[in-house]
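Worksheet: the structure to be examined is printed underneath.
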Amino acid sequence: MGKRSASYYLKVLSVLVTSLALVGLTASSGSAATATTPTFFGAKLTSHTQPSNAENGQSCSENAGIPHGATCTWVAISAFENGSHFSAPKTGTIKHVKLVSCKAGKFRLQLAKALPRQRKAQILTNGPEISYKGQSPCGGASGDHFVVQTFKVNLKVTKGNYIAIQARSTGTLSCSGGDGFLLYAPPLPVGGKLKKSHSGASCDLLVQLSYK
């Protein structure tokens, strides 16, 4: 083989640098594509999602500071088994409401703004009334099969909105500790100012809102 000129080696080096840059760009683009926005928020529900300590439902008046028989606004500030996904990840339209409950009941679905650290919230939007069925036996014959109920809706949501319901009692709860709610009695009005909550519930809401 004869001697290669300096210009030859410069050309080879240039081709190698360009190839490496393209590989890096492709890898970066692939990583960005996998970082998709979640398609739902609220509880992560499966057939093993148990309404712990709420099989017979829980009234909001079972919590401190709530009068007997009162109807409440329940503002969810946690996401059952779904990490920090307790608020809407993007602006769009909610197409489905999913829930788990052993006891039949109903609630008015709402969207809220919340400041959990300040324990303040306000209701932004009234959604549809959701009437759900119970399940007997609770958990099925095997004791570990819970029905995830699904309801079609058409509700506009803004990024950062929290899930809230208005109800006197509900079975859509898992009550195993924590502080997953801001409770208000009487219920918060739609469009009212941010209001401080003086009560909460040691439960998580078993409700999921889905964009699909």
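Overview of results
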read-out: Spatial separation of Cα centroids for region 101-116 and region 145-212, in angstrom; value: 3
read-out: Spacing of the two label points (7 Å from each Cα toward its C-beta) at N56 and K106, in nm; value: 2.4
read-out: Summed residue charge, Cβ within 11 Å of L206's Cβ, Lys/Arg positive, Asp/Glu negative; value: 0
read-out: Distance violations [Cα-Cα > 18 Å] among K103/K212; K103/K133; K90/K195; K98/K196; K156/K212; K98/K152; value: K103/K212; K90/K195; K98/K196
read-out: Solvent-accessible area of H96 with every protein chain in place, 1.4 Å probe, in Å² to the nearest 10; value: 40
read-out: Alpha-carbon Rg with Dmax, taken over region 33-186, Å; value: 15.2, 51
read-out: Around S174: net Lys/Arg minus Asp/Glu count, Cβ-Cβ under 12 Å; value: -2
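The values are calculated or read from the model by the stated rules, or taken from the named source; none is laboratory data. All values reported here derive from a predicted model rather than from experimental measurement. Cβ sites come from the backbone with ideal geometry, for glycine too, and all protein chains shown count toward neighbours. For accessibility, only protein heavy atoms count, side chains too; no ligands or nucleic acids. Shrake-Rupley method; radii C 1.70, N 1.55, O 1.52, S 1.80 Å.
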